[in-house]
1. Using θ = phi - 60° and the Karplus form 6.51 cos²θ - 1.76 cosθ + 1.60, what ³J(HN,Hα) does each residue of the range 47-64 get, whole Hz, x for Gly and Pro?
2. Per residue of the range 81-93, in order, report the coupling 6.51 cos²θ - 1.76 cosθ + 1.60 (Karplus, θ = phi - 60°) as ³J(HN,Hα) in whole Hz, putting x for Gly and Pro.
3. Carbon-plus-sulfur fraction of the accessible area of the chain, 1.4 Å probe, in percent?
4. To the nearest 20 debye, what charge dipole does the range 1-123 have about its Cα centre, counting +1 at the Cβ of each Lys and Arg and -1 at the Cβ of each Asp and Glu?
5. Starting from the range 10-89, pick out the GluC sites (Glu not before Pro) whose DSSP state is loop and whose Cβ has at most 13 other Cβ atoms within 10 Å.
6. Going by amide H atoms built from the backbone, whose H comes under 5 Å of the H on Gln3, apart from near neighbours?
7. Per residue, how large is the accessible surface of the chain? Use a 1.4 angstrom probe and give square angstrom.
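The values are calculated or read from the model by the stated rules, or taken from the named source; none is laboratory data. Since we're looking at a predicted model, the values are computed, not measured. Using ideal geometry, Cβ is built from the backbone for each residue, glycine included, and neighbour counts are taken over all protein chains shown. The protein model used for the area step is the full one, side chains on, heavy atoms only, and it has no ligands, DNA or RNA in it. Shrake-Rupley method; radii C 1.70, N 1.55, O 1.52, S 1.80 Å.
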Amino acid sequence: QVQLVESGGGLVQAGGSLRLSCTASGQTFAKYAMGWFRQTPGKEREFVAAITWSFRNTAYADSVKGRFTISRDNAKITVYLQMNSLKPEDTAVYYCAANRLDMIATMTSNYNYWGQGTQVTVSS
């Protein structure tokens, strides 16, 4: 079993930055691919970014490409999401997730473990 805990959310003005962290505990985290998703009320959870363990391959949703950066520190069993140039439409609950298969995946069904989420609110 893997437990994931997100932190770093909050309220920020448009154009500002936030860095989300997701710390894992439990079974080995190091060889899992990790992803970030977000969800707003009444909408499905959507893919934001993902990173593999082996080659640290990354992938991003078009809506965040060039503004968000995903990274990981296996020694600290933590994955990060650096969010710059934030927009009001980035407002959502952000979730990190772990995929036992070390591959880029963009669908929620590909992920085996989820955190409880952290709220990000971007004011205009």
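1. Whole-Hz 3J(HN,Hα) from phi for the range 47-64: 5, 10, 7, 8, 8, 8, 7, 5, 10, 6, 5, 10, 8, 9, 5, 4, 5, 10.
2. 9, 8, 10, 10, 6, 5, 10, x, 6, 7, 4, 4, 8
3. Numbers: 3130 of 6330 Å².
After summing per-atom areas, the C and S share lands at 49 percent.
4. 200 debye
5. For GluC sites (Glu not before Pro) across the range 10-89 that sit outside H, G, I, E and B with at most 13 neighbouring Cβ atoms in 10 Å, the list reads Glu44.
6. Result for Gln3 returns Ser25, Gly26, Gln27.
7. 51 Å²
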